[in-house]
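For reference, the structure discussed in these notes is given below.
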Amino acid sequence: MLVLVVGPSGAGKDSLLNGARAAFHGDPRIGFARRAITRPVDPGGEDHEPLTAAEFAARDFALSWSAHGLSYGIPVKAVAAAPVVVANVSRGVIAEAARRYETRVIEITAPPTLLAARLTARGRENAEDVASRLSRSSAIPDGVAVRTVLNDGTLTEGVERFVAALRRIVDGG
């Protein structure tokens, strides 16, 4: 089963995923996919496999998409790594994933003012880019089970909420 993690930029997906990796460390029922991205390693950013555009084009991915001028992919081997595999993806690949795999979605949310503050604090984008990211939206396809996690408090609170949502899925709920 794939658990697709989606949400707007600044919602804290990577932070919550890092906390969940620690919480589920050693649990053979769940794995966390490491994305391949056509972006160099950012010491303060997401742990990903950096690829050139040519390397990306030569690879086989279970799911892939483009966003913000970059290519993203979930390696085929990652999808088979555990009975439940968690992956941070774009909403645009949910329908494809649901056609090919048993799929659940966890949507991470936060109030718009908090999203803007988090994006600004990252320092990777100017105000126009932040506004552009926040204006994007895409609906989750009908028929796909969705759980929503509000990440508007401390990191500890967000991780606890996210881990609880994952536990319900892993435990069959």
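The values are calculated or read from the model by the stated rules, or taken from the named source; none is laboratory data. For clarity, every value in this text was computed on a predicted model and none was experimentally measured. Heads up, the Cβs are rebuilt from the backbone with ideal geometry, glycines too, and the neighbour counts pull from every protein chain shown.
Values computed for the structure shown
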item	result
Evaluation of A11 against (1) surrounded by 17 or more Cβ atoms within 10 Å (Cβ to Cβ); (2) assigned to a strand (DSSP E or B) (one fails), failing number	(2)
Filter result for A82 (more than 16 Å from the chain's Cα centre (by Cα) and either under 16 Å from K13 (Cα atoms) or not basic (K, R) (or both))	yes
For D60: the one exception among (1) closer than 25 Å to V163 by Cβ; (2) surrounded by fewer than 19 Cβ atoms within 10 Å (Cβ to Cβ)	(1)
Evaluation of G73 against (1) crowded, with 20+ Cβ neighbours inside 10 Å; (2) of a type outside the set (D, E); (3) touching a Leu at 6+ places or on another chain (Cβ under 6 Å) (one fails), failing number	(3)
Failed condition for A127, given (1) modelled with pLDDT under 95; (2) out of contact with any Ser or Thr (no Cβ under 6 Å at 6 or more places or on another chain); (3) surrounded by 13 or more Cβ atoms within 10 Å (Cβ to Cβ)	(3)
Condition broken by L51, with the remaining ones in (1) without any contact (Cβ under 8 Å) to a residue 24 or more places away in the chain; (2) touching a Pro at 6+ places or on another chain (Cβ under 9 Å); (3) surrounded by 16 or more Cβ atoms within 10 Å (Cβ to Cβ) satisfied	(2)
Condition met for A57 (touching an Asp or Glu at 6+ places or on another chain (Cβ under 7 Å), of a type outside the set (D, E) and over 23 Å from V146 (Cα atoms))	no
Some residue of segment 30-37 being touching a residue at least 40 places away in the same chain (Cβ under 8 Å), surrounded by fewer than 20 Cβ atoms within 10 Å (Cβ to Cβ) and in a helix (DSSP H, G or I)	no
Neighbours by Cβ (under 8 Å, 6+ apart or cross-chain): first from segment 98-110, in contact (Cβ under 8 Å) with a residue 12 or more places away in the chain and within 13 Å of A165 (Cα to Cα); second of a type in the set (D, E, K, R) and not in a loop (DSSP other than H, G, I, E, B)	R104/R147; V105/R147; I106/R147; E107/R147; I108/K13
